[in-house]
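See structure below.
The values are calculated or read from the model by the stated rules, or taken from the named source; none is laboratory data. Keep in mind that this is a model prediction, so the values were computed, not measured. No Cβ is skipped: glycine too gets one built from the backbone with ideal geometry, and neighbour counts run over all protein chains shown.
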Amino acid sequence: FENDVYGGIPGLLASLAAANVPMAVATSKPTYSATRILEHFDLADWFTFIGGADLEGTRGDKASVIAHTLEEVHEPFLVQEGYVVRTPQGRVLTEKGWLAAGLTPPARDGSAGAVAMMALALGTRPATAHATHKQHPNDK
């Protein structure tokens, strides 16, 4: 391996883990390569998720890798805690999610404006009166 671990990193990771800080990796290296490097240096176990580029080229730019990692790490937590719900039209902030963000929830009338506001808060784009988002692999 032509890599080195910066001094102090193992200790920092141990301190963050002791403080229950969830940690993930987002890298432009292919996931397979990043995992092998982290395993070689005994660092992989510190991370709940290792996100990288895919070999098919569908997730090659840094923005896509970061979005993928955030989706895999944070979305399940947000759903579990009741801040976001998955719908056939996409992800939607719940009232709890709006309030946690310090925002006033939109009207509950299901209007296109209310749905669009929720979609925009989630970083998705409403195509019609419903928010749309690419389907998550766990959605059935």
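Annotations
- On inspection, T128 fails the criterion of being of a type in the set (S, T, N, Q), in contact with a Gly (Cβ under 8 Å, 6 or more places away or on another chain) and either at pLDDT below 80 or surrounded by 13 or more Cβ atoms within 10 Å (Cβ to Cβ) (or both).
- Residue match in the range 15-27 (condition: of a type in the set (S, T, Y) and touching a Gly at 6+ places or on another chain (Cβ under 8 Å)): yes
- Filter result (modelled with pLDDT of 65 or more and surrounded by 17 or more Cβ atoms within 10 Å (Cβ to Cβ)) within the range 100-125: P105, P106
- Filtering the range 48-67 to residues that are of a type in the set (S, T, Y) and farther than 23 Å from V21 by Cα leaves T58, S64.
- One residue from I37, I66 being β-branched (V, I, T) and closer than 28 Å to L93 by Cβ: I66
- Considering residues of the range 42-99 that are among the polar types (S, T, N, Q) and loosely packed, with under 12 Cβ neighbours inside 10 Å only, the residue farthest from V25 (Cα to Cα): Q80
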